[in-house]
Every structure is written in C-alpha cells, then in structure tokens.
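Visitor: Got a structure for you, written out below as structure tokens; questions coming shortly.
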Amino acid sequence: MPYELVDRATNAARVIPPRGAWLTIGREPPEENDVVRHEQEVSRRHAQLHEARDGIMLRVLSPNGVYKHGERGRIAMDPATGVEPEFGPLHDGDQFSLLRPGKFDDDVAFFIRQVSAAAPAPPALVDLTGDDSPAADPTPSSRDAASEGAFA
C-alpha cells in the first residue's frame, strides 16, 4: 500500500516512491529536492525516504541530523566518514523532525501516512455486436424502433 510524507505545519502531502526511487527533503534548490523547506538549519539535501518491503526507510544526508518522534537524540550523517545512516521501517503515524523539537518555533516536522489503494475503475461498456447499424445503437429510441415488430 502506498505511503505519503505529510508536512505537519502545512498538511501538504507527497507520495513516497517505491523501492529504487527516493523522495528528497532539503533547503534548496527545488531541482534537487522534492520537498523544499527554507529554514536556515535545514541542509541543502537533508534526508531521503523510500518505500521498502516493511514500511518507509529514511536516509539521513545531513550532519544536522533527524529527530525521530519518541526517541532521544538525533540520527545524523557522520561528516568524518560520510556514512549516511538509514533507519526504519517507519509506518503509518510515525513522526520525525529535521530540527530539534522545541528548540525552534517551527520544528520542520513530518509524519508518515498510509494511503488506501484506490478502487479499480469499473470496466468500460463495449459494443460486442460489431454492428454499426442504427439498430445496434443502445439509445432507447433506436432500440425501441428496432424491436418494434420483433415480438408482435
């Protein structure tokens, strides 16, 4: 089932792509980030998310780190080694913040929302008679006219 990343401040949502593609959050530019936040404390490329088998994986690209709701401390990229930690799986309702919660007025927080799959569209009606004559037209007037003496 698909998931969305929802910005807590604006309630704007973006679909998180399946495995093999990433949704990137960062300060700028929009050509490099799917979700752009302009706060100075947000890194140019801060974090990435993608759908995995068991939920959503979050990769931290910034030494500023990410704060996962309900856990103390931050998970951050190590500038000395360049290691970008990944954590998860995140599930429906899980929250994280790009800034230390409570330190800033706007903590740049997001949550994960599972989206129910859309119901499949009903099949289209198809003329199986192969007859293009007016009698094959399903409108009531032509149907009535074509059947007028058929059962008289």
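The values are calculated or read from the model by the stated rules, or taken from the named source; none is laboratory data. Nothing here was measured: the structure is a model prediction, and the numbers come from that model. Every residue, glycine among them, receives a Cβ derived from its backbone with ideal geometry; neighbour counts consider all protein chains shown. Keep in mind that these areas ignore ligands, DNA and RNA; they rest on the heavy atoms of the full protein, side chains included. Shrake-Rupley method; radii C 1.70, N 1.55, O 1.52, S 1.80 Å.
Visitor: What number of residues within the stretch 8-42 satisfy the criterion of being open to solvent by 90 Å² or more (accessible area, probe 1.4 Å) and not in a loop (DSSP other than H, G, I, E, B)?
Guide: The number of residues fulfilling the criteria is 2.
Visitor: Exactly one of (1) open to solvent by 20 Å² or more (accessible area, probe 1.4 Å); (2) in a loop (DSSP other than H, G, I, E, B) is unmet by Leu99. Its number?
Guide: Condition (1) is where Leu99 drops out.
Visitor: Pairs please, first residue from the stretch 33-45 and under 15 Å from Ala109 (Cβ atoms), second anywhere and assigned to a strand (DSSP E or B) and among the small types (Gly, Ala, Ser), Cβ atoms under 7 Å, 6+ apart in sequence or on different chains.
Guide: From the stretch 33-45, the pairs are Val42/Gly26.
Visitor: Considering only residues that are under 23 Å from Tyr3 (Cα atoms) and assigned to a loop (DSSP other than H, G, I, E, B), look in the stretch 63-77 and name the one that is least open to solvent (accessible area, probe 1.4 Å).
Guide: So the first thing to find is which residues in the stretch 63-77 are under 23 Å from Tyr3 (Cα atoms), and the list is 65-71, 75.
Cutting the leftovers down to assigned to a loop (DSSP other than H, G, I, E, B) gives us 65, 69-71.
Numbers: Gly65: 0, His69: 125, Gly70: 80, Glu71: 99 Å².
That would be Gly65.
Visitor: Here is a follow-up. Would you confirm whether or not the stretch 48-55 contains a residue that is in a strand (DSSP E or B) and in contact with a His (Cβ under 7 Å, 6 or more places away or on another chain)? Please lay out each step first, then the result.
Guide: Let us first name the residues in the stretch 48-55 that are in a strand (DSSP E or B), namely 48-52, 55.
Pick out the ones that are also in contact with a His (Cβ under 7 Å, 6 or more places away or on another chain) and you get 55.
Among the residues of the stretch 48-55, at least one is in a strand (DSSP E or B) and in contact with a His (Cβ under 7 Å, 6 or more places away or on another chain), which makes the answer yes.
Visitor: Right, another one. Among Ala52, Ala80, which is among the aliphatic types (A, V, I, L, M), more than 14 Å from Leu98 (Cβ to Cβ), surrounded by fewer than 12 Cβ atoms within 10 Å (Cβ to Cβ) and without any contact (Cβ under 8 Å) to a residue 60 or more places away in the chain? Break it down stepwise before answering.
Guide: Numbers: Ala52 fails: surrounded by fewer than 12 Cβ atoms within 10 Å (Cβ to Cβ).
Every option except Ala80 fails the conditions.
Visitor: Mind checking whether some residue in the stretch 76-87 is under 19 Å from Gln114 (Cα atoms) and of a type in the set (D, E, K, R)?
Guide: The initial filter retains those residues of the stretch 76-87 that are under 19 Å from Gln114 (Cα atoms), namely 87.
After this cut, where a residue has to be of a type in the set (D, E, K, R) as well, the list is none.
No, the stretch 76-87 contains no residue that is under 19 Å from Gln114 (Cα atoms) and of a type in the set (D, E, K, R).
Visitor: Answer with yes or no whether Arg59 is in a loop (DSSP other than H, G, I, E, B), open to solvent by 40 Å² or more (accessible area, probe 1.4 Å), in contact with a Pro (Cβ under 9 Å, 6 or more places away or on another chain) and modelled with pLDDT of 90 or more. Step through it out loud before you land on a result.
Guide: On the way: in a loop (DSSP other than H, G, I, E, B): no; open to solvent by 40 Å² or more (accessible area, probe 1.4 Å): yes; in contact with a Pro (Cβ under 9 Å, 6 or more places away or on another chain): yes; modelled with pLDDT of 90 or more: yes.
Criteria not met by Arg59.
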